[in-house]
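See below for the structure under consideration.
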Ligand code: NDP
Ligand code: GDR
């Protein structure tokens, strides 16, 4: 399966996720041959990339999927040997912070040791000089606020098993770069969202739920910490940054962020305002409620289960280095992001209502 033409070959782990889907589409548009690693699942898990898939029996198919798992070194070594990628984008991870408190060992296995498995595979196969490696690092590394805005030089203080696992991933990438001269880079990406964001991350949870409230198929949105602040950008902008990181003249680590921060509470308000609704907050702590002023109905409540044992309260990134060295800047504004997500979830909720799928 070695590269039959001069086309560049990329391997994406986590291709079925939000970023993997956008990145695969972007690289195909640039003329790459793209190989994606997907996990075996008992039900279809390729909904985000089905539109990219072509019959693999046709000649020169540019997009190919392979079964694989970050916890299986033999599988990763074999895939890299067969595919001979010029670029590897390691996006696969148990990426949910709250879930990492429930499954800490699995999270460490996939998100920390998984990175090592890929780097070792490159080394074992003697591909250190051929293959460029991108590691999906995260603003969760900053955790407990040390300084704002956060830059590549800000000290890390991870606050979840997910972030601790990603800390290992970050440093093992740096170490392999320094020890073996590999082109291995970290993108320290702040939160990025889109209409295909996983439904349990807070932005998508909000836009999906308020669309269903609008159609009367759901009554109330249940949330945890409304005061956490995040630097939210659009995933499509961020995957372009990933690609730029691997095209740089030298391997390095880069923050990608918008430089603006907003609370979960503000996200809720802006999302509801897209539907012409205005929210009034009453009460405090676990008893706080959000009331839709027009209907006087309670549309937001607090559920203690959505609080985390340790929280990351404030993230705001400074992407100056990426702007200056890579020419990367985010294009989508916060208002445009929320508008797009609400519109998309409204369309989905309408389709589900028409098909009778959206019982409360
Ligand atoms: P998603 O959760 O949408 O996608 C994660 C992908 O990883 C999915 O394709 C998932 O497969 C796959 N995966 C999970 N575990 C394994 C495993 N053991 N073996 C193989 N594949 C696995 O995440 P995003 O697209 O949002 O994020 C991409 C990467 O970037 C992640 O590493 C995340 O931690 C990181 N990141 C994300 C940010 C964001 O705001 N989105 C910010 C900073 C970093 P399946 O579809 O089968 O579940
Ligand atoms: P995060 O994203 O933890 O930043 O990790 P998430 O959307 O899950 O949480 C953001 C903030 O919202 C608060 N919150 C809730 N979160 C969820 N999921 N559900 C709720 O009901 C809820 N209520 C309040 C959270 O406490 C938190 O403060 C994401 C992931 O994509 C990671 O993989 C990535 O590394 C980071 O972004 C950057």
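The values are calculated or read from the model by the stated rules, or taken from the named source; none is laboratory data. None of the values given here were measured: they were computed from a predicted structure. Counting neighbours? That spans all protein chains shown, and the Cβs are built from the backbone with ideal geometry, glycine included.
Numerical summary
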quantity: Among residues of segment 102-151, those that are in contact with a strand residue (DSSP E or B) (Cβ under 7 Å, 6 or more places away or on another chain), away from ligand 1 (no atom under 12 Å from the Cβ) and part of a loop (DSSP other than H, G, I, E, B), counted; calculated: 5
quantity: Extreme residue, farthest from residue 108 (Cα to Cα), among residues of segment 157-191 that are part of a loop (DSSP other than H, G, I, E, B) and away from ligand 2 (no atom under 13 Å from the Cβ); calculated: 181
quantity: Where residue 82 falls short, out of the listed (1) more than 14 Å from ligand 2 (Cβ to nearest atom); (2) touching a helix residue (DSSP H, G or I) at 6+ places or on another chain (Cβ under 7 Å); calculated: (2)
quantity: Filter result (closer than 21 Å to residue 123 by Cα, within 14 Å of ligand 1 (Cβ to nearest atom) and in a helix (DSSP H, G or I)) within segment 81-101; calculated: none
quantity: Residue 181 more than 16 Å from ligand 1 (Cβ to nearest atom), in the same structural domain as residue 136 (by TED's automatic domain parsing) and either closer than 22 Å to residue 149 by Cα or at pLDDT 95 or above (or both); calculated: yes
quantity: Selection count where residues are within 16 Å of ligand 2 (Cβ to nearest atom), farther than 17 Å from residue 256 by Cα and buried (at least 16 other Cβ atoms within 10 Å of the Cβ), scope segment 115-144; calculated: 1
quantity: Subset of segment 102-140 [out of contact with any helix residue (DSSP H, G or I) (no Cβ under 6 Å at 6 or more places or on another chain) and over 19 Å from residue 69 (Cα atoms)]; calculated: 102, 126, 127, 129, 130, 139
